[in-house]
1. To the nearest 20 debye, what charge dipole does region 5-124 have about its Cα centre, counting +1 at the Cβ of each Lys and Arg and -1 at the Cβ of each Asp and Glu?
2. Which value, in debye to the nearest 20, describes the size of the charge dipole of the chain about its Cα centre when Lys and Arg Cβ atoms bear +1, Asp and Glu Cβ atoms bear -1, and nothing else is charged?
3. Using Cβ contacts closer than 10 Å as the measure, can you line up ARG16, ARG194 from fewest to most?
4. Which entries in LYS72/LYS106; LYS59/LYS155; LYS72/LYS205; LYS76/LYS155 show an alpha-carbon gap greater than 24 Å?
5. Which three semi-axes in whole Å describe the equivalent ellipsoid of region 55-175, each the square root of 5 times a Cα gyration tensor eigenvalue, listed largest first?
6. Would you calculate, for the chain, the mean residue ellipticity at 222 nm contributed by helices, counting each DSSP H stretch of 4 or more residues as -39,500 (n - 2.57) and dividing by all residues, to the nearest 500?
7. Mind pulling the angle between the C-alpha long axis of helix 110-128 and the longest principal axis of the chain? Nearest 10 degrees, somewhere in 0 to 90.
8. Relative to the longest principal axis of the chain, what angle (0 to 90°, nearest 10) does the C-alpha long axis of helix 193-207 take?
Amino acid sequence: MARPRILVVDDEAAQREVVLYNLEAAGFEVMSADNGEDAVLMAYEERPNLIVLDWMMPKLSGLEVCRQLRSKKETKEIPIILLSARSEDVDKVRGLEMGADDYVAKPYSVVELMARINTQLRRYSAAMTGEKLTYLDIELDSETHRVFRNGVEVKLGPTEYRLLSFFMERPGRVRTREQLLDHVWGRDIYVESRTVDVHIGRLRKALIKNGGQDPIRTVRSAGYSLG
């Protein structure tokens, strides 16, 4: 079985080498870049299984790299972990909204980063198996990241897609806001609970756009469930 391939992008050589060393020691195949332009090119050409990406870099910032990779079908599904010395909540939310799958504030422990990498690789592997989830007239195709309701495609943003996927894994089960934050935004990343409510609202709106009842149930003082 091929080893997962990871692209590490950081203009600080010492930081980059530490991450590369630990990834190689853990058995991963690694590549590196020291600027955003090279990162985009390598992602297109090499198709890594995951990208560890610094925010502040020359030529293209980490956010712009995220935007460009998410805009292309060839690279839009590659998990991206964004690294940044910017630890304000607004910066974390901005990074995640631009397409990053996880956000790790500097300084960070290598143990924590490795755990985040393994978590994202497990999610990516599961998505690539092509599993299809269904609930009543809703179908979610994890291979193509497309959602249909009653045969009509539903257009969802990446956050709304992850929310729906989490709900469809266990329909009827109540998910607390804390569980949704951990699964969709990642553990140890602080996002206000009202952010969950905003994205739930967007998901509901998308699911009923072409007709049908709202399938998401609000459970007072508990959270949300599908059905």
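1. Numbers: 16 positive and 22 negative charges, 98 e Å.
Roughly 480 debye for region 5-124.
2. Magnitude of the dipole: close to 1160 debye.
3. On the way: ARG16 18, ARG194 9.
Fewest-to-most ranking of ARG16, ARG194: ARG194, ARG16.
4. On the way: LYS72/LYS106 29 Å; LYS59/LYS155 32 Å; LYS72/LYS205 26 Å; LYS76/LYS155 15 Å.
From the list (LYS72/LYS106; LYS59/LYS155; LYS72/LYS205; LYS76/LYS155), the Cα-Cα distance tops 24 Å for LYS72/LYS106; LYS59/LYS155; LYS72/LYS205.
5. On the way: eigenvalues 165, 54, 35 Å².
Whole-Å semi-axes of the equivalent ellipsoid: 29, 16, 13.
6. Values: 8 runs with 92 residues, N = 227.
Dividing the helical sum by the residues of the chain leaves -12500 deg cm²/dmol.
7. Once rounded, one gets 50 degrees.
8. 60
Read the figures in this text as sums done on the coordinates, not as results from a lab. Predicted, not measured: the structure shown is a model, and the values here were computed from it. Neighbour counts run over all protein chains shown; Cβ positions are idealised from the backbone, glycine included.
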